[in-house]
Each structure stands twice: as C-alpha cells, then as structure tokens.
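The values are calculated or read from the model by the stated rules, or taken from the named source; none is laboratory data. Computed from a predicted model, the values in this text were never measured in an experiment. Neighbour counts run over all protein chains shown; Cβ positions are idealised from the backbone, glycine included. Remember, those area values only see protein heavy atoms, side chains included, never the ligands or the DNA or RNA. Shrake-Rupley method; radii C 1.70, N 1.55, O 1.52, S 1.80 Å.
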Amino acid sequence: GRRKAEHELRVLSMAVEQSPASVVITDVDGCIGYVNPQFVKISGYTLAEAKGKKMNIIKSGYMSEKIYEELWRTILSGQEWRGEVYNKKKNGELFWENISISPIKDRDGVITHFVGVQEDITTRKEYERRLIHEAHFDGLTELPNRLLALDRLSQALVRARRKKQMVAVMYIDLDRFKMVNDTLGHPVGDKLLVEAARRLTSSVRESDTVARLGGDEFLIILQDFQGESQRQIVALAQEILGLFSNPFTCEGKEAFVTASIGITIYPDDGDDATVLLRNADAAMYKAKGEERNAFRFFTPGMNQEAIERMEMEYHLRHALEKKEFSLHDQPLVEAKSKKIIGAEALLRWNNPRLGSVPPDRFIPVAEDTGIIIPITDWILEEACREAKGWQEAGEAPSLRIAVNISSRHFVAGDLVRAVSGALKENKLSPEALELEITERLLIENPGKALSVLYELSRIGVRLSLDDFGTGYSALSYLKEFPFQTLKIDRAFIRGITIEKKDVALVRAMIAMSHGMGLKVVGEGVETEPQLELLRSLGCDWIQGYYISKPVPSEQFRRFL
C-alpha cells in the first residue's frame, strides 16, 4: 500500500513538474513555497528567486485592487477563485494569465496552503483584440467602419440631447472614383482612398469622427455645436471640397477626384442615427445629381442659406480688386466739450449684385475664410491715408483713427508688418492710429496676442480693448496687455438710464480704468440723458448715434 501511495505521489509530482500550465504553491500568507518549471519559463523567476516572496512579484500594477481583494476574500473563505489577470514578467514584459487558485485544507478542514494553476493566454487575448478591432475598423484606412460610426453617432445624439446641442452628419461620396479604379487599377484606387481618409481627418477636430462606410463613401460626425454654428459647418464643407480639388498622386500617377457632400443636422433633420444617415445620403445624391463637387443640406431652408453664403463668399473674394469696399467714419468726441478727437473707421461693402451687405453678414464669412486678412490690410492703408489727409488739410493735426482688428489677422496674418507698412506708406505718426482688439481675441490666443501687442506698442500705435464686459472680462488682461483705452460695450450703455445695476457696473469700469491709467470710451450712446450720465461718471470719450451715425469720409471732413 505504501509503495502504491509513493508511486501515485511520484506520478503526481511528475505531472506538476511537467505541466504545460504554471503551478504555484503558497502558504496561507501568500508566501511562495514552490513553483514548477513552467512558471520559471513564463515568468523568468527561478524557484530560488520566487521562494519566500509573495505573488505580487508578478503584479503588473494595471489591475484594479478590488480584484485582489475579491480574490483573497474568496480563497480565505475556502472557495476556489478563477479569473483573468494582467501580470508582469521579470524582464518587464506584460502578459495575460487565466488563473485558478484553490485552498488546500488539512483533515480538520483548516486551510494550510493555496495552489495556483496559471495559463498564459496573451496570444488568445491579442487575437480577441484584433477580432474586435476588425469588427469596428476599416482594414484599409484604419477609420471606424459603418458599425462603429453608427454607434458613435448614437452616443453623440444622447450627449447632444442632454446638453441641448446640435450634431451635424456629413455623408461624403467621391466623384469619378470608379473611373480611377477601372483605368489605373485597384492598388492605385486603394492608395487614393487612404489619402482621402487622411485629408478628411486633417480637416476636423479631435472630438469629431471620420468613418469609412464602404467603397468610396465616408462619413463625418461633428459634435458639440451650438445653434449658430451653421456657418462653421458650411466653412468645413467648403474646406473639404477645397482639399479634394488638389490632385491625388498614387504610384507616380495623378488622379483628379472631387467629392459630393450631403449634410443633415440633429435635431432638425431627425433624432435617430439611422434616419440622419439616410437623410444625409439623400442630400449627397442631390449634390451629385445637381453638379458634383458640391454640398447640399437635407433641409431646403438651410440649403438656400448655404447657397446664399457661397454666392456672398464668391463676390467677397473679388470685392477688393473690384474696389467695392469703402470706409465710413463714426466720430469720437470728448464727453465734456463734445469736441471731435477722432473717428472709428468702419467697413462698408456695396456689390452690384448683392447690393449693400450689412457688416454683421459679411464679416463672419470673411473671418471664416481668411479673406479678412487682405481686407484688414486694405482698411489699415485706407485709414492711415485718411488720417494723413486730415492732418495735411490742417483741420485737426491731433485727430486719430481707430481700426478694428480681426482675431484671424492676429493668428494667421502678419499684423505688425501690415501696421508699420501702412504708417510708413502714408508718413503718418503712429499715435494717430488706434487698433481696437476684442476680448475674445485675447482669450483664444493669449500668448501670441501678448507678444504681438507689445510689438505694436513699441511701434507707438494706441491700443484699445473693445467690447469690454461682454466676454469673459479677465481683469488680468488689463494689467498684462499694453492698452491705453477701454471701450464700454453698448450693452451696458443701453440700460444706463433705467437700470441701477448698469450704472453701478459702468461706474466701476470707469473707476478701475482710470486707476490703471486707461481712458474710457462709452460706445452706443443714443440719447442726451445717457451722455449726461456718462459725463457725470467721468467717462472720457463718447461714440454713438446721438453724436453721429457712421458717415462717408467726405461727410466726416465736413463735420471737422
């Protein structure tokens, strides 16, 4: 009997030694007493290195502590624990193991040891991960596929409902792609699709999704949009059409492929992912059927708006060369004496086809497209020429002219060069020019704004903070940036004779500005009582319809 028992023990011992799974035996405190050769082979720790240590020598640090707490609770209660754990080898390599840990009890049922059987499942895990990836991503472009795109769109809609925002869906189909595939071959077609995916991805924000629906069809999901964002959607659609106007070079061959885009917007065009996708698809076919290389909204009203915007942009791009712009001057007067001290130059656009276009309609389009940069350069030239004319006529040598500066010019244009060029060209002293900067510009790019404003300050032009109080009004900007003037927005002036709160705010703004050595302009003054109240609060200068509307420059000269 003893021999039989010894034989069985030897067989058991050999089975454990030669087991394809790692086997670890620990005491009740979790200290290792034995590991088999497979454990040594997989983990890299020898029996001598592991003995007496706790099992946390192979802990990766990537698993939740809750898993280990549950593991100990289970085995200390006498139950077996099974699970998948991410562990770390001696050389730092991470690997997945399927583990079962069982308590070993003596005759009295007291736990004396634990035995762990561990199987390396890293290959299986990697295979599962690849399968999941392949199920959700397009193999050619690595973009999300139709399945994942629909899921992301559904999630975007849930978020938009909660935050009361909009989601835009762009369905993009490549024009003439089949012809490229048929004439240049599939390898060239595949390379073209990869490049198309890259161009689309480069045009959107990180929070947006670009997906490939199959064939030559792509989808863009744009989230976090507020109500007034149709401009941005149109601008993006135009940008994408622009990106596709450049030829695709694949294996030394040039291919020209344009795009047709259909656009739907949640909640206007549907509140379900499938419906939005179907409507975007319908809009895309409309774009393809009408002219290709174009975009169409699903909603007729939006379409009309988009077409009008495109027409406006077309005329805007040629307005400078066709001399369609002019400047109007709005007088700036001293509050005490009502004496004219200067004017703000305001842009006006008169187009033979569109007529007189209001600035609040064309300026945003000029900003979105970057056309604002050459326009601002022209305004600076024109304004400096006008101010020099006032001086030469001897009408008012100390008059100054104020020009509004776009945030686009700050970031993308060379403002310092444009300003110094306009001053030099017209031999105008720098203090006769004032640049009006909005708070939004400072908030969007404070680092760049600070360096540019200091360069302008060194030239000697005056700097004015416009629309104060309507944005985020970080007071630190007044301390950090070299402004000489602060303009109180008309929103506060409007209610100054009715609302006590407005009076208190304006009084505080004036006191604070004077304390920092800044002069104050009250803009949008429309009545005598508003003027008198501002004067009594110590406001330095006044601007608004009560003094004068913006008038053509010849009329302003007559004012002088």
Review point. If you average over every viewing direction, what projected area does the convex hull of the Cα atoms of the stretch 83-195 give, in nm²?
Key: 14.7
Practice item. Could you tell me what % of all Cα pairs in the stretch 367-453 have separations over 16 Å? Key: 52
Revision key, fill the gap. Placing one equal point scatterer on each C-alpha of the stretch 203-293 and summing with Debye, one gets log10 I(q)/I(0) at q = 0.19 Å⁻¹ equal to -1.03
Study note, to complete from the structure: Quick shape summary for the stretch 231-343, equivalent ellipsoid via Cα gyration tensor, semi-axes whole Å in descending order, reads 42, 23, 12
**Study point:** Prolate/oblate/rounded call for the stretch 420-534, Cα gyration tensor, a/c under 1.5 rounded
**Key:** prolate
**Study point:** Kirkwood Rh in Å, taken over the stretch 125-181 so that all alpha-carbon pairs contribute
**Key:** 13.9
Practice item. Give, in whole angstrom and from largest to smallest, the semi-axes √(5λ) of the equivalent ellipsoid of the stretch 166-322, with λ running over the eigenvalues of the Cα gyration tensor. Key: 26, 20, 14
Exercise for review: Kindly report the accessible area of the chain per residue (heavy atoms of protein chains, probe 1.4 Å, no ligands, DNA or RNA), in Å².
Suggested key: 51
Check your understanding: Using Cα-only point scatterers and the Debye equation, what is log10 of I(q)/I(0) for the stretch 1-136 at each q in 0.10, 0.16 Å⁻¹, rounded to two decimals?
Key -> -0.38, -0.90
Review point. Given q = 0.19, 0.20 Å⁻¹, what are the Debye log10 I(q)/I(0) values for the stretch 339-486, with equal point scatterers placed on the Cα positions and solvent ignored?
Key: -1.22, -1.32
**Study point:** Nitroxide proxy distance, nm - points 7 Å out along Cα→Cβ at Glu6 and Glu290
**Key:** 9.6
Study note, to complete from the structure: Cα-only Rg/Rh for the stretch 301-378 with Kirkwood Rh rounds to 1.11
**Study point:** Of all DSSP beta bridges in the chain, antiparallel share, percent nearest 5
**Key:** 75
Review point. Rounded to a whole number, what % of the accessible area of the chain do carbon and sulfur atoms account for, probe 1.4 Å?
Key: 53
Review point. Relative contact order, percent, of the chain when contacts are C-alpha pairs under 8 Å separated by at least 6 residues?
Key: 8
Point to revise | Ratio Rg/Rh [Cα only; Rh per Kirkwood] for the stretch 475-526 | key: 0.99
Revision key, fill the gap. Largest first and rounded to whole Å, the semi-axes √(5λ) derived from the alpha carbon gyration tensor of the stretch 63-146 read 37, 13, 11
Exercise for review: Can you sort Arg494, Arg161 by 1.4 Å-probe accessible area, starting with the largest?
Suggested key: Arg494, Arg161
Exercise for review: Calculate, in nm to one decimal, what Glu526 and Glu311 gain on full extension: separation in residues at 0.36 nm each, minus their alpha carbon distance.
Suggested key: 73.9 nm
Check your understanding: For the chain, what Kirkwood radius comes out of the mean inverse Cα-Cα distance, in Å?
Key -> 30.2
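Starting from the Cα-Cα distance between Lys164 and Ser60, subtract it from 0.36 nm times their residue separation and give me the gain in nm to one decimal.
33.2 nm
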Exercise for review: With only alpha-carbon atoms counted, please give the Rg and Dmax of the stretch 472-560, in Å.
Suggested key: 14.1, 41
